[in-house]
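I have placed the structure first, in the form of structure tokens, so that the comments after it can refer back to it.
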Amino acid sequence: MVRKILIVSSLVSLAFVAYGQNKKKDKALVTTNAETKVNYRELGAPLPPVRFYTQDGKYLTNQELQNDANLLLMLFNPTCDHCEDQARILKENIFLFKNSKIVLVAAPGMGPYLSYFTNNTKIDSYPTLQLALDSAQYIEKIFNYDQTLPQLHVYDKQRKLLKTFYGSNPIDSLKMYIE
């Protein structure tokens, strides 16, 4: 019963966010100077400035997300069954991710539900899978509200968008992006 209430409240919240997104007129286009606009959803687009905070109070910024391998950012809702399934797929195949960074990012208002997610997925026992909340409007800039959750955005080592996956994806689909 509690789970159903959480899911319904999350869906209602997402509907309001989606409605607000439509009212904002393509928030993905962000002016970087007088002549340049960047569509962060487009393949090849750079990773926008991010600031995620983790459950232990640490911040992850573009600098902390740098390494010589791909970055996988999974946008998720902590009460979403498909998101739980995708997290389990990543967890069960963590041995494949030798160098790639993996961060699961939820909207700021989802903080109270993270413990529910970690209890169901046991993902917090895998230090290479980082769980975080967005605090720099990354989700607004990159999230495609016309698609489903989870959304997995893959960036190369230069932090350019390589691929976006929607919904639960088998590890075979992700293998070519894992380093």
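Output the number of residues of the stretch 164-177 satisfying the condition of being touching a residue at least 60 places away in the same chain (Cβ under 8 Å), closer than 18 Å to His82 by Cβ and surrounded by fewer than 21 Cβ atoms within 10 Å (Cβ to Cβ).
Of the stretch 164-177, the ones touching a residue at least 60 places away in the same chain (Cβ under 8 Å) are 164, 167-171, 174-175, 177.
If we keep only those that are closer than 18 Å to His82 by Cβ as well, we get 164, 167-171, 174.
Next, from what is left, pick out any that are surrounded by fewer than 21 Cβ atoms within 10 Å (Cβ to Cβ): 164, 167-171.
Selection size over the stretch 164-177: 6.
When you look at Val154, is it within 14 Å of the chain's Cα centre (by Cα), closer than 13 Å to Asn70 by Cβ, part of a strand (DSSP E or B) and at pLDDT 95 or above, yes or no?
yes
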*Please indicate, with yes or no, whether at least one residue in the stretch 112-122 is without any contact (Cβ under 8 Å) to a residue 40 or more places away in the chain, surrounded by fewer than 16 Cβ atoms within 10 Å (Cβ to Cβ) and assigned to a loop (DSSP other than H, G, I, E, B).*
yes
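Being touching a helix residue (DSSP H, G or I) at 6+ places or on another chain (Cβ under 9 Å) and of a type outside the set (Asp, Glu) is the filter here, so list the residues in the stretch 133-145 that pass it. So that I can check it myself, show each step before the final result.
Looking only at the stretch 133-145, we keep the residues that are touching a helix residue (DSSP H, G or I) at 6+ places or on another chain (Cβ under 9 Å), and these are 133-135, 139-140, 143, 145.
Leu133, Ser135, Ile139, Phe143, Tyr145 - these are the residues of the stretch 133-145 that are touching a helix residue (DSSP H, G or I) at 6+ places or on another chain (Cβ under 9 Å) and of a type outside the set (Asp, Glu).
Examine the stretch 166-179 for a residue that is at pLDDT 90 or above and under 19 Å from Glu42 (Cβ atoms), and state whether such a residue exists. Even if it seems obvious, please write down each step before you answer.
Of all residues in the stretch 166-179, those at pLDDT 90 or above come to 166-177.
Restricting the remaining residues to those that are under 19 Å from Glu42 (Cβ atoms) gives 166, 177.
Yes: one or more hits.
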*Of these, Pro150, Pro127, which one is surrounded by fewer than 21 Cβ atoms within 10 Å (Cβ to Cβ) and not hydroxyl-bearing (Ser, Thr, Tyr)?*
Pro127
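Can you name every residue in the stretch 77-90 that is assigned to a loop (DSSP other than H, G, I, E, B) and closer than 15 Å to Asp124 by Cα? Step through it out loud before you land on a result.
Here is the first cut: in the stretch 77-90, the residues assigned to a loop (DSSP other than H, G, I, E, B) are 77-80.
Pro78 - this is the single residue of the stretch 77-90 that is assigned to a loop (DSSP other than H, G, I, E, B) and closer than 15 Å to Asp124 by Cα.
The values are calculated or read from the model by the stated rules, or taken from the named source; none is laboratory data. If you're wondering where the values come from, they're calculated on a predicted model, not measured in any experiment. Quick reminder, even Gly has a Cβ in these numbers, built from the backbone with ideal geometry, and neighbours come from all protein chains shown.
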